[in-house]
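Heads up, the thing below is written out as structure tokens.
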Amino acid sequence: MKSLKLSSTLLILASLACGQFLPATTIPSVAVPSITAQSAATEVDATLEAAQPAEIVYGATARGHIAAITEQIGARWTGTEQEAQTAQYIQDTFAQIGYEPVIQPFSRSGWVDDETESIFKSANVIAVKGGESDQVIVIGAHYDSSDEGLGADDNASGVGILLELAEQLKDISTPYTIHFIAFGGEEAGLLGSQEYVDTLSADEISNTVGMINLDSLIAGDITYVYCSESKSALRDWVLSWAKLNEIALQTIPNVELSEDGYGISDYDAFDKAGIPFAYFESTNWTLGNKDGYTQVGPQYGDGGAVFHTEYDTLAYLDETFPNRVDEHLNDVIAILYNLLTQYNANN
Ligand SMILES: [Zn+2]
């Protein structure tokens, strides 16, 4: 399958150059399952629908947003003018797509560095897409970044995917109502996601069937999905769907994500409120201390790390890992598009 994907990726890059979507037949991101796969399909999960050969080309729009945020705004640490500019960019994009974005401003205590706390002013940017049910599935990505590098991987990649999905799903029927949320203040201590969950009523919490967290999705060797094992339905669904459609996706069972009791990304407040989450990240748990912090071979980035380093730029990623950005974007968007149009917790 690799070679096929490679040739179609080259075609994509050509189209990216001319900034338009290629006709559907380009990325057979989902091959019609062969007999064996068919039988495997029935085994894997009868509710899964194999998506038809790709009428949709994923990732070009997301790449455009990553380029715009990293090249026009750049590093956007929590509470800075650059973070506010990014919030405006996201708000404008949601409006252009046809949503009525809601701004949720907040002022919360966070971490300037490991020792110093400070009050940060920031905001969440929220777009709501009505579904067949008014039960809610949240899909979120933080838009602030560290002040090292341009934050292409961490986390313009998550924001780009969020905005492309919001556009792709705008007029598509979905089982659940979707809250697309760009969180502010993640880097200073998960501030935006904590603010969002803190302002939910008990009814709203029980009405939220799941949270999809997107954080650092284009630099790492391998795309992973994590969850808490006691609430694994979302994770299991995407693993099955990815397997059926021959898309590379791995998980770390019983993964230990938190550090000194602190979560490491925006799933944390939802998890603590009892909401099932599926957290997507690209890294490589077989490298370094096998703790998920080494994303690539030690000869790359800063000893194998790209996020929070000067190497976190689209230019470095495209030059060092050709096709990786487009393959990761295509895979994650294909998985999430099918999850958000097919997944039903009651099935
Ligand atoms: Zn991040």
Violating pairs (Cα-Cα greater than 28 angstrom) within the set K129/K290; K129/K231; K121/K231; K129/K272; K170/K272: K129/K290; K121/K231; K170/K272
For region 293-347, alpha-carbon Rg relative to the globular expectation (2.2 N^0.38 Å, N residues): 1.54
Sequence ranges 99-109, 170-180, ranked by mean other-Cβ count within 10 angstrom, highest first: 170-180, 99-109
Accessible carbon and sulfur surface of region 170-323 relative to its total accessible area, %, 1.4 Å: 49
Lys, Arg +1 and Asp, Glu -1 on Cβ, resulting dipole of region 85-131 about Cα centre, debye, nearest 20: 320
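Using the heavy atoms of the protein chains and a 1.4 angstrom probe, tell me the accessible area per residue for region 280-323 in square angstrom.
Working: 2030 Å² over 44 residues.
Result: 46 Å² per residue.
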Protein-only accessible surface order, largest first, of W285, W111, W237 at 1.4 Å: W111, W285, W237
Amide H within-cut-off set for G79, under 5 Å, with H built and near neighbours excluded: G185
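The values are calculated or read from the model by the stated rules, or taken from the named source; none is laboratory data. Keep in mind the model is a prediction, meaning the values are calculated, not measured. When we count neighbours, we look across all protein chains shown, and the Cβ atoms used for this are built from the backbone with ideal geometry, even at glycine. Ligands, DNA and RNA are excluded from the accessible area calculation, which covers all protein heavy atoms including side chains. Shrake-Rupley method; radii C 1.70, N 1.55, O 1.52, S 1.80 Å.
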